[in-house]
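Some notes on the structure that comes next.
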Amino acid sequence: MKTYARRAALALSMAAVIASSACSEHQDLTGPGGNGEVVEIEIRNFEFSQPDLTIEPGTTVRWINTTSNFHTVTPDGHSAWNQWQTTGMGETFEVTLGDAGIYPYYCLPHRALGMTGTITVE
Ligand SMILES: [Cu+2]
């Protein structure tokens with residue numbers, strides 16, 4: 001029994017290491033939780049595919065890096081999520097936004113190129 005528990009714990013910690021090395025992340029910092037809906041935004045050179053997005057409360061926004069370049073999803077003046085940075089194609093970042101509001105964000109290295117976006121939750 002003890003050995004089994006230890007093996008399960010080891011398997012769980014190894015899964016955590018594998019998950020973190022893929023540089024994909026989910027954050028759920030606001031509101032009562034998700035409604036099961038997911039909307040995807042592609043990170044391109046040098047724009048977000050849906051720069052003005054309106055969603056319902058509890059929707060999960062998933063950014064996916066479709067490039068091999070360094071980008072960030074940096075909150076602009078709010079703390080609905082913590083900055084995420086990506087360097088690899090296929091990496092994803094999910095934020096479940098439970099609270100109504102306006103959530104602007106930008107890509108740190110490409111902000112001056114207009115790589116910005118806004119999510120409206122209403
Ligand atoms: Cu960028």
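Read-outs throughout are calculated quantities, based only on the coordinates presented, and are distinct from any laboratory measurement. Since this is a predicted model, take the numbers as computed values, not measurements. We place every Cβ from the backbone using ideal geometry, glycine too, and count neighbours over all the protein chains shown.
Of the residues making up segment 101-122, those that are closer than 20 Å to residue 37 by Cβ and surrounded by fewer than 19 Cβ atoms within 10 Å (Cβ to Cβ) are 101, 102, 118, 120, 122.
Residues in segment 75-100 that are surrounded by 15 or more Cβ atoms within 10 Å (Cβ to Cβ) and free of Cβ contacts under 8 Å to residues at least 40 places away in the same chain were compared, and the one that is nearest to residue 43 (Cα to Cα) is 85.
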